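Input: a single structure, listed below in structure tokens.
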Amino acid sequence: MATTQVLLQQFYYLASIQDFPLCSIVLGTLFLVCKAEENLQTICNIINIVDIVVKHNHRYPEVVTDRYDSEYYEQKNEMVIGKMQVLWQLAFNVQVELPYGLLANYLQSLELTDQEQVLQLAWNYVNDLLRTPVYVCFQPKTIACSAIFLAAHKCSVGLPTM
């Protein structure tokens, strides 16, 4: 999900939400990420998940889309179009590096893994930043370091100085 959010942010940094409908771009991005992360999901599963989330947000009854329904084929076409638009807009560069691995390594290097409150708070900061454009503006190492700094400062834990 984190990779999908970052790709969506990258896409909409380059394109207008008025020109590209959100639903088709979300479908296309989820499909691309499932393929790139080797977390294979069927097209039907992706369409059903997005459809259920949209229906839930609009307070419609959450009915699973039938594979042989015309609505399913419309959404499948939207997904293919969305996937191609994302690939074209991002110049086929859909590799996303997330700061989670770096965060774990940095915490271990700083010997802060025994500080559960710092560990959890830093992880929460990295998760919360997915709702902001930070992932598009900064490198993963910067995000990981800043999350550790904020968490250590909040928990009054000293960090080593040079």
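The values are calculated or read from the model by the stated rules, or taken from the named source; none is laboratory data. Not measured: the values here are computed from a predicted model. Please note: Cβ atoms are built from the backbone with ideal geometry, for glycine as well, and neighbour counts cover all protein chains shown. The area values use the complete protein model at the heavy-atom level, side chains included, leaving out ligands, DNA and RNA. Shrake-Rupley method; radii C 1.70, N 1.55, O 1.52, S 1.80 Å.
Would you pick out the residues in region 122-140 that are out of contact with any Asp or Glu (no Cβ under 9 Å at 6 or more places or on another chain), assigned to a helix (DSSP H, G or I) and within 18 Å of GLN10 (Cα to Cα)? Walk me through it before giving the result.
Here is the first cut: in region 122-140, the residues out of contact with any Asp or Glu (no Cβ under 9 Å at 6 or more places or on another chain) are 122-138.
Add one more test, that the residue is assigned to a helix (DSSP H, G or I), and what stays is 122-131, 134-137.
Of everything in region 122-140, those that are out of contact with any Asp or Glu (no Cβ under 9 Å at 6 or more places or on another chain), assigned to a helix (DSSP H, G or I) and within 18 Å of GLN10 (Cα to Cα) turn out to be VAL126, ASN127, ASP128, LEU129, LEU130, ARG131, VAL134, TYR135, VAL136, CYS137.
Do we find a residue being over 25 Å from ILE43 (Cα atoms), in contact (Cβ under 8 Å) with a residue 24 or more places away in the chain and over 19 Å from the mean Cα position of the chain (by Cα) anywhere in region 84-102?
For region 84-102, residues over 25 Å from ILE43 (Cα atoms), in contact (Cβ under 8 Å) with a residue 24 or more places away in the chain and over 19 Å from the mean Cα position of the chain (by Cα): absent.
Just to be sure I understand, how many residues within region 5-22 are within 15 Å of the chain's Cα centre (by Cα) and open to solvent by 10 Å² or more (accessible area, probe 1.4 Å)? Lay out the reasoning, then the answer.
Here is the first cut: in region 5-22, the ones within 15 Å of the chain's Cα centre (by Cα) are 5-13, 22.
Narrowing the set further to residues that are open to solvent by 10 Å² or more (accessible area, probe 1.4 Å) leaves 5, 8-10, 12-13, 22.
So the count comes out to 7.
Considering VAL118, VAL96, VAL134, VAL53, which residue is under 18 Å from LEU30 (Cα atoms), open to solvent by less than 60 Å² (accessible area, probe 1.4 Å) and aliphatic (A, V, I, L, M)?
After applying the criteria, what remains is VAL96.
Give region 106-118 a look and list any residue that's touching a helix residue (DSSP H, G or I) at 6+ places or on another chain (Cβ under 8 Å) and either aromatic (Phe, Trp, Tyr) or free of Cβ contacts under 8 Å to residues at least 24 places away in the same chain (or both), or say none.
TYR106, THR113
I'm trying to understand the selection: among the residues of region 111-121, which are polar (S, T, N, Q) and either modelled with pLDDT of 95 or more or part of a helix (DSSP H, G or I) (or both)?
From region 111-121, those polar (S, T, N, Q) are 113, 115, 117, 120; that's our starting set.
Of everything in region 111-121, those that are polar (S, T, N, Q) and either modelled with pLDDT of 95 or more or part of a helix (DSSP H, G or I) (or both) turn out to be GLN117, GLN120.
Could you please let me know if ALA144 is out of contact with any Ser or Thr (no Cβ under 7 Å at 6 or more places or on another chain) and within 30 Å of CYS34 (Cβ to Cβ)?
Yes; evaluated as a whole, the condition is true for this residue.
Check off (1) more than 18 Å from the chain's Cα centre (by Cα); (2) in contact (Cβ under 8 Å) with a residue 60 or more places away in the chain for PRO61 and give me the number that stays unchecked.
Status for PRO61: all satisfied but (2).
Output the residues belonging to region 64-82 that are acidic (Asp, Glu) and surrounded by 15 or more Cβ atoms within 10 Å (Cβ to Cβ).
First, pick out the residues of region 64-82 that are acidic (Asp, Glu): 66, 69, 71, 74, 78.
Listed by number, the list holds a single entry, GLU78.
Given the criteria open to solvent by less than 60 Å² (accessible area, probe 1.4 Å) and small (Gly, Ala, Ser), does ALA36 qualify? Steps first, please.
Numbers: open to solvent by less than 60 Å² (accessible area, probe 1.4 Å): no; small (Gly, Ala, Ser): yes.
No.
In region 83-93, which residue that is out of contact with any Ser or Thr (no Cβ under 6 Å at 6 or more places or on another chain) and of a type in the set (A, V, I, L, M) is most open to solvent (accessible area, probe 1.4 Å)? Steps first, answer last, please.
To start, the set of residues in region 83-93 that are out of contact with any Ser or Thr (no Cβ under 6 Å at 6 or more places or on another chain) comprises 83-85, 87-93.
Those left that are additionally of a type in the set (A, V, I, L, M): 84, 87, 90-91.
On the way: MET84: 95, LEU87: 22, LEU90: 18, ALA91: 78 Å².
So the residue we want is MET84.
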